[in-house]
1. Residue check, Lys48 against (1) within 15 Å of Tyr3 (Cα to Cα); (2) basic (Lys, Arg); (3) under 13 Å from the mean Cα position of the chain (by Cα), all met but one. Which one?
2. If I ask for residues that are at pLDDT below 80 and either loosely packed, with under 11 Cβ neighbours inside 10 Å or of a type in the set (S, T, N, Q) (or both), which ones from region 5-49 would you list?
3. Testing Pro116 on (1) at pLDDT 80 or above; (2) in a loop (DSSP other than H, G, I, E, B), one condition comes back false. Which one is that?
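The values are calculated or read from the model by the stated rules, or taken from the named source; none is laboratory data. Since this is a predicted model, take the numbers as computed values, not measurements. Heads up, the Cβs are rebuilt from the backbone with ideal geometry, glycines too, and the neighbour counts pull from every protein chain shown.
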Amino acid sequence: MKYMIMMFGGMGETLQDRSPEWISDMQKLLMGLDAELRESGELVDSQKLMDPAAAKTVRYVASKAAPTDGPFAEVKESLAGYWIIEATEQRALEIASTVVDFIEFPMEVRQLMDQPPEM
């Protein structure tokens, strides 16, 4: 099965109360996990996203789509990056739990739609 593991939060506001050591340790954790997933062959794709301040939002305004510079969702709700892995649901939840235990922000694990459900 393929799963998308999504990390939420923004680089600025989310990290403003964290020490430089914590930020360094978080980066080591994420890079180590990324390397582990690559080496195991579980990784399909992973990307980090720019801070939400660089995003555009497209909304339906006055009977048509209108791109804007905001307002945005709260930073803590913004998608910061993701992994797509090929593994069991249990493994996907294990990966997300490892990160959540450290960063203390939620992650979402979602099976890709073109995959049959696990039995």
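1. (1)
2. The answer is Thr14, Gln16.
3. (1)
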